[in-house]
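Take a look at the structure below.
The values are calculated or read from the model by the stated rules, or taken from the named source; none is laboratory data. Because the structure is a prediction, the values reported are computed rather than measured. Neighbour counts run over all protein chains shown; Cβ positions are idealised from the backbone, glycine included.
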Ligand code: KG4
Ligand code: ZN
C-alpha cells in the first residue's frame with residue numbers, strides 16, 4: 001500500500017517543532033523549547049518569533065534525519081495557521097509555504113486547537129476515542145469543552161470567560177516566585193503536599209463556562225496576607241500551597257466535565273492540550289471510569305504540550321480528504337475551532 005509521509009510544522013507560541021509521520025505513525029517529533037522566556041515570567045512575542053526563525057531550519061532538518069525520510073519523499077506539508085502569536089505563526093507559515101512550493105507538493109493549513117484534539121488519532125499504543133466524544137481542551141491559551149462529532153466537525157460547548165487554565169497555573173506559579181512556565185512545577189511540588197491544606201474558592205460561572213481570573217487573585221491575596229505574618233511562608237509551605245491550588249483547579253475542571261456529560265449524555269471523555277500533562281487531572285479522569293462509568297482517553301504525555309506530531313496527524317487526515325490550503329493562505333492569530 002501507499003506510504004504517505006506528512007511533515008508537520010508548529011510555531012504558534014514558544015516551541016518550534018517539526019514532525020514526520022507515515023500513515024498516522026510518528027517517525028519523528030522534534031521540539032526546540034525557547035529558554036529565553038523563563039526569566040520574564042511569560043512568553044515575549046518579539047523574542048519568540050526571532051527564536052523560531054533561528055530554529056526552524058535545524059528543527060525540520062533534524063525531524064527528517066530522525067525519521068530517515070528524504071524531503072523528496074514527502075507527500076504534503078502541514079503547518080499551524082492559528083490561533084497563536086502572529087509573529088510566531090508567520091515563521092512557520094512562510095517556511096511551510098516556501099517548502100511546499102519548492103517540492104511542488106500540497107500545503108495543508110491546520111487549526112492548532114483542532115490539532116490538540118486530533119493528537120488522539122496518532123497511531124500508537126493508546127486507544128482513539130470513538131465518535132461522538134467530549135474533549136476538554138486545556139492549554140496556556142484556551143480552556144474549552146468541545147463536542148467532537150467527527151474528525152472535522154467540532155462544536156465548542158463552553159469555554160473560559162477570562163483566563164485559560166494554563167494561565168491560572170502559570171500566574172499562580174509566578175506569585176510563588178517560580179519561573180515560567182510554572183504549571184509543570186506546581187504539578188511536581190503538589191505531589192508532596194496536602195491538597196486540602198488551604199481552601200481556595202471556586203468561581204461561580206454558569207453552564208459549561210469557566211473562569212480562572214478570580215482564583216489567581218485569590219491566590220495573590222492569600223499569599224500576600226500570609227507573607228505579612230511569616231516572610232518564609234512560601235518556602236516553608238510550597239508543597240501544600242501547590243497541592244491546594246492544583247486540587248482547586250482539577251475540581252473546577254471535573255465539575256464542568258460532569259455537567260457536560262449530563263447535558264450531552266456522551267460518556268466518551270478525552271482531554272487534550274498542555275495542561276492535560278498534569279498528573280492530577282490524568283488521575284482524576286482515570287478514576288472517573290470507575291466512579292461514573294465514563295470511557296476516558298488520555299493522550300501520551302509527549303502529545304499533550306505543543307508539538308508538531310499533532311499538526312502532522314491533522315495534516316494526514318486532511319490529506320486523505322484532499323483538503324489542501326490555497327497558496328495565498330495567511331496566518332491567523334485568532335482562529336475558531
Ligand atoms: O498546549 P500548550 O503547550 O501551549 C498552548 O497552546 O498554550 O500548553 C502550555 C500550558 C502552560 O500553561 C503550562 O504551564 C501548562 O500547559 N502545563 C501544565 C503541565 N504541563 C504543561 N500545567 C499543569 N501541569 C502540568 N504538568
Ligand atoms: Zn497548544
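Exactly one residue among 199, 130, 203, 181 is away from ligand 1 (no atom under 14 Å from the Cβ) and under 30 Å from residue 315 (Cα atoms), and that residue is 130. If the condition is being part of a helix (DSSP H, G or I) and out of contact with any helix residue (DSSP H, G or I) (no Cβ under 7 Å at 6 or more places or on another chain), then segment 293-337 contributes 302, 312, 315, 316, 318, 319, 320. Summed over segment 283-303, residues that are within 14 Å of residue 139 (Cα to Cα) and either more than 16 Å from ligand 2 (Cβ to nearest atom) or without any contact (Cβ under 8 Å) to a residue 40 or more places away in the chain (or both) total 1. Among the residues of segment 32-43, just one is in contact with a strand residue (DSSP E or B) (Cβ under 8 Å, 6 or more places away or on another chain) and surrounded by 20 or more Cβ atoms within 10 Å (Cβ to Cβ), namely 34.
Quickly run through segment 25-63 and pick out the residues that are out of contact with any helix residue (DSSP H, G or I) (no Cβ under 6 Å at 6 or more places or on another chain) and touching a residue at least 40 places away in the same chain (Cβ under 8 Å). Within segment 25-63, 25, 31, 37, 38, 39, 40, 42, 46, 59, 60, 62, 63 qualify.
Is at least one residue of segment 207-223 within 26 Å of residue 337 (Cβ to Cβ), modelled with pLDDT under 95 and not assigned by TED's automatic domain parsing to the domain that holds residue 37? Within segment 207-223, one or more residues are within 26 Å of residue 337 (Cβ to Cβ), modelled with pLDDT under 95 and not assigned by TED's automatic domain parsing to the domain that holds residue 37. For segment 155-271, the helices (runs of 4 or more DSSP H) that sit wholly inside it and include 1 or more residues that are over 20 Å from residue 144 (Cα atoms), in contact (Cβ under 8 Å) with a residue 12 or more places away in the chain and within 22 Å of the chain's Cα centre (by Cα) are 165-175, 183-190, 233-264. Within segment 149-160, being surrounded by 16 or more Cβ atoms within 10 Å (Cβ to Cβ) and more than 16 Å from ligand 2 (Cβ to nearest atom) holds for 151, 157, 158.
Output yes when any residue across segment 286-294 is under 21 Å from residue 206 (Cα atoms), within 16 Å of ligand 1 (Cβ to nearest atom) and in the same structural domain as residue 146 (by TED's automatic domain parsing), and no when none is. No, the conditions are met nowhere in segment 286-294. Per the conditions (1) modelled with pLDDT of 95 or more; (2) out of contact with any strand residue (DSSP E or B) (no Cβ under 8 Å at 6 or more places or on another chain), the sole criterion not satisfied by residue 180 is (1).
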